[in-house]
1. Among the residues in region 66-85, are any in contact (Cβ under 8 Å) with a residue 60 or more places away in the chain, closer than 21 Å to S28 by Cα and either out of contact with any Asp or Glu (no Cβ under 9 Å at 6 or more places or on another chain) or not in a loop (DSSP other than H, G, I, E, B) (or both)?
2. Quick check on my filter: what residues within region 18-74 are surrounded by fewer than 21 Cβ atoms within 10 Å (Cβ to Cβ), under 22 Å from S190 (Cβ atoms), among the hydrophobic types (A, V, I, L, M, F, W, C) and modelled with pLDDT under 95?
3. From G128, G189, which residue is at pLDDT below 95 and either under 24 Å from I52 (Cα atoms) or in contact with a Pro (Cβ under 8 Å, 6 or more places away or on another chain) (or both)?
4. Of all residues in region 131-145, which are within 13 Å of P173 (Cβ to Cβ) and of a type outside the set (K, R)?
5. Restricting attention to region 95-113, does a residue exist that is in contact with a Pro (Cβ under 6 Å, 6 or more places away or on another chain), outside any loop (DSSP other than H, G, I, E, B) and either of a type outside the set (S, T, N, Q) or surrounded by 17 or more Cβ atoms within 10 Å (Cβ to Cβ) (or both)?
6. Would it be correct to say that T63 is among the polar types (S, T, N, Q) and part of a strand (DSSP E or B)?
7. Return only the number of the condition from (1) over 19 Å from L195 (Cβ atoms); (2) over 15 Å from the mean Cα position of the chain (by Cα); (3) among the acidic types (D, E) that D69 does not satisfy.
Amino acid sequence: MPTLSESTIAELLTPYLTVQEGLPSKFSTYLDLLLRWNARTNLTAIRSPEEIVRRHFGESLFTGTHLGDPLPEALLDLGSGAGFPGLPIALLHPRIAVTLAESQNKKATFLREVVRSLDLRNVEVWAGRAEDLPDGRRFHTLTLRAVDNMAAALAAAAPRAERQIVLLTTSIPEFPAGFAADTPIRLPGSDSGVLLRALRS
């Protein structure tokens with residue numbers, strides 16, 4: 001039995017986007033994997049299935065609806081952790097080539113398991129630091145969420161981002177030279193969280 005029904009998942013996601021057919025089934029699989037792995041490996045401090053759907057899946061999907069038009073061809077999720085926001089974006093937009101950079105081996109192994117279970121052919125897991133990606137690799141869009149040292153992460157992100165850096169954050173950081181921030185967008189249901197895009201000028 002899945003932890004939450006697909007109809008419940010769809011209802012929980014409704015404030016964040018218009019839910020596509022087939023998405024709740026994929027997020028049901030993702031949720032069950034996350035809860036099972038989280039029991040023995042600390043992937044997320046949030047334990048409530050409903051809150052995982054709202055905070056992790058919903059906010060990530062909301063990010064996926066604010067990537068600009070046209071959509072990026074390639075996206076790097078830096079410090080992906082348990083896959084947020086990169087994996088939900090990959091599920092929402094199968095045409096985007098998504099790279100999940102995660103240096104902690106257990107988390108990278110979890111990400112590979114989700115990718116395998118959901119047959120996500122548009123997702124690559126980079127089990128290492130983004131700085132160690134091959135020198136020539138660039139991405140239209142780079143996403144960041146809940147990183148420990150935002151200034152250091154942004155410094156690492158800037159050379160990889162051709163067009164924009166997209167943050168899920170509770171405070172407005174100073175962006176590296178060459179990037180200009182748009183107006184922050186309040187995350188649905190959040191008191192302090194915002195979505196912030198910074199475009200390369």
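1. Checked against the condition, which is being in contact (Cβ under 8 Å) with a residue 60 or more places away in the chain, closer than 21 Å to S28 by Cα and either out of contact with any Asp or Glu (no Cβ under 9 Å at 6 or more places or on another chain) or not in a loop (DSSP other than H, G, I, E, B) (or both), region 66-85 yields no hits at all.
2. Of everything in region 18-74, those that are surrounded by fewer than 21 Cβ atoms within 10 Å (Cβ to Cβ), under 22 Å from S190 (Cβ atoms), among the hydrophobic types (A, V, I, L, M, F, W, C) and modelled with pLDDT under 95 turn out to be A45, I46.
3. Checking each option against the conditions leaves just G189.
4. L144
5. No.
6. no
7. It is condition (1) that D69 fails.
For every residue, the table says whether it meets (1) surrounded by fewer than 17 Cβ atoms within 10 Å (Cβ to Cβ); (2) of a type outside the set (V, I, T); (3) over 15 Å from T63 (Cβ atoms).
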| residue | (1), (2), (3) |
| --- | --- |
| T143 | no, no, no |
| I165 | no, no, no |
| F175 | no, yes, yes |
| I185 | yes, no, no |
| D191 | yes, yes, yes |
| V194 | yes, no, no |
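The values are calculated or read from the model by the stated rules, or taken from the named source; none is laboratory data. Every value quoted in this text rests on a predicted model; they were computed, and no experiment measured them. Glycine also receives a Cβ, built like all others from the backbone with ideal geometry; neighbour counts cover every protein chain displayed.
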